[in-house]
Amino acid sequence: MRAIWKGAVSFGLVSIAVKLYSATEEKDIRFHQVHREDGGRIRYKRTCSICGEEVTYDDIAKGYDLGGGELVILTDEDFAELPLSTSHAIDVLEFVPAEQVDPILYNKAYFLEPEGTATKPYVLLRDALLDSERVAIVKVALRQREQLATLRVREGVLLLNTMLWPDEVRTPDFGFLDEDLKVRPPELAMASSLIDSMTGEFEPDAFTDDYRAALQEVIDAKVEGREVVQPEEVEEAPAAAVDLMAALKASVDRARAARGEQPARGGGAAEPTPISSARSAQKAAAQKKATKAPAKKAAEKKAAPKKAAAKKTTAKKTGEAAKKTTKKTTPKKTA
């Protein structure tokens, strides 16, 4: 790593010389804009919109837009007179419990390394922060801007987290916040059950950037001249369910199945909703009807042979009676 800043942590009357290093790095795959036909790089020139001439960095100043096409031009001399600290100091203002700092304020992280003979006071501040279970609130000037930050300990190293100023955090203004929405206790209980079934220990290494990996595969295939294998399609999210309780229960069962556990039987103690009750009644009626139908068919099949036998007996008796009648009415022949 390369140090991007050198200064000192001002801790009371103690000064700790440190070097500043970026603690994070983005892994995005970057591209250049090129001409599609020949691959030539696309270059951009800094030109003046009035005279059309190309401008060097030495001739570029900062302009503040007043609106209506009016600008106020600020020079390097104007910025030099601002009360921005140039002493490269990290001034400790106070120590506070870490849970009092809203994570939304955190911006960028930097490692601090002791420089020269500052190792002992560096370790002293580090161990004192650990013992107090607090973080230090500091001010530091980075990249021509005064920033609020915290100092805390991570893996034995002091970590500087720059923060946003409170007026840089937006206030949410959404219509649903003014609505009087009521959550039923059974729904809340089922949602809590879903959270419990999906609870685990956070291990960052278990998660990967699938899109970046697939994009890198495409690039590697292009370089090697081989065919790109399309990744498997991700299962689409189910459509919004009408029955919230049914959706929550199904989610709990799926989460338990993913963990190799048996799904909940009987739906727990959750109160059935009107929709689920109606569906249960319909299902029970359908099962009852399905049970009666085979029994009726079996009875009809059993009765059918009896009717056939009775019909056969009647036909037999009728035939015998006809024969007797014929025999009686036949005249005798005379000699």
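The values are calculated or read from the model by the stated rules, or taken from the named source; none is laboratory data. Predicted, not measured: the structure shown is a model, and the values here were computed from it. All Cβ positions, glycine included, derive from the backbone under ideal geometry; neighbour counts span all protein chains shown. Surface accessibility is based on the protein's heavy atoms, side chains included, excluding ligands, DNA and RNA. Shrake-Rupley method; radii C 1.70, N 1.55, O 1.52, S 1.80 Å.
The amide H of Phe11, built 1.01 Å from its N in the peptide plane, has Ile16 as neighbours under 5 Å, considering only residues 5 or more places off or on other chains.
Relative contact order for the range 130-174: 26 percent, from Cα pairs under 8 Å spaced at least 6 residues apart, divided by residue count.
Accessible area per residue was computed with a 1.4 Å probe on protein heavy atoms; Phe174 scores about 120 Å². Listed cross-link partners Lys19/Lys120; Lys6/Lys139; Lys6/Lys45; Lys27/Lys222; Lys182/Lys249 are compared with a 25 Å cut-off, the Cα-Cα value being larger for Lys6/Lys45.
Rolling a 1.4 Å probe over the protein heavy atoms leaves Asp91 with an accessible area of roughly 60 Å².
Are there GluC sites (Glu not before Pro) in the range 25-55 that DSSP marks as loop and that have at most 11 other Cβ atoms within 10 Å, and which are they?
Working: sites: Glu25, Glu26, Glu37, Glu53, Glu54; in loops: Glu25, Glu26, Glu37, Glu53.
Counting only loop positions with at most 11 other Cβ atoms within 10 Å, the GluC sites (Glu not before Pro) in the range 25-55 are Glu25, Glu26, Glu37, Glu53.
Among residues other than Glu99 whose Cβ falls under 11 Å from its Cβ, what is the net charge (Lys/Arg +1, Asp/Glu -1)? Intermediate values should be presented prior to the final figure.
Numbers: positive: Arg134; negative: Asp102, Glu133.
Residues close to Glu99 contribute a combined charge of -1.
Converting phi to 3J(HN,Hα) with the Karplus coefficients 6.51, -1.76 and 1.60 and the offset θ = phi - 60°, the range 47-56 yields 10, 7, 6, 9, 8, x, 7, 6, 10, 7 Hz in sequence order, with x at every glycine or proline.
Which net charge results when you count Lys and Arg as +1 and Asp and Glu as -1 among the other residues whose beta-carbon is under 11 Å from that of Leu74? Result for the local shell: -3. Couplings 3J(HN,Hα) for the range 145-150, derived from phi with the Karplus relation 6.51 cos²θ - 1.76 cosθ + 1.60 (θ = phi - 60°), are 8, 7, 10, 8, 7, 10 Hz, where x marks Gly and Pro.
Which order do Val140, Val169 take when ranked by solvent-accessible area (1.4 Å probe, heavy atoms of all protein chains), largest first?
Details: Val140 5, Val169 40 Å².
If we order Val140, Val169 from most to least accessible, we get Val169, Val140.
Around the amide H of Lys108, modelled in the peptide plane, lie the amide H atoms of Thr162, all under 5 Å away and 5 or more residues distant in sequence or on another chain.
Rounded to the nearest Hz, the phi-derived 3J(HN,Hα) couplings of the range 176-183 under the Karplus curve 6.51 cos²θ - 1.76 cosθ + 1.60 (θ = phi - 60°) are 5, 5, 8, 7, 8, 9, 10, 9, where x marks glycine and proline. All other residues whose Cβ lies under 15 angstrom from that of Glu113 are scored, Lys and Arg at +1 and Asp and Glu at -1, for a net of +4.
Sparsely packed loop sites in the range 38-94 (the trypsin sites (Lys or Arg not before Pro) outside DSSP H, G, I, E and B with at most 16 other Cβ atoms within 10 Å) comprise Arg43, Lys45, Arg46.
Among the protein heavy atoms, those of Glu217 account for about 60 Å² of accessible surface (1.4 Å probe, every chain in place).
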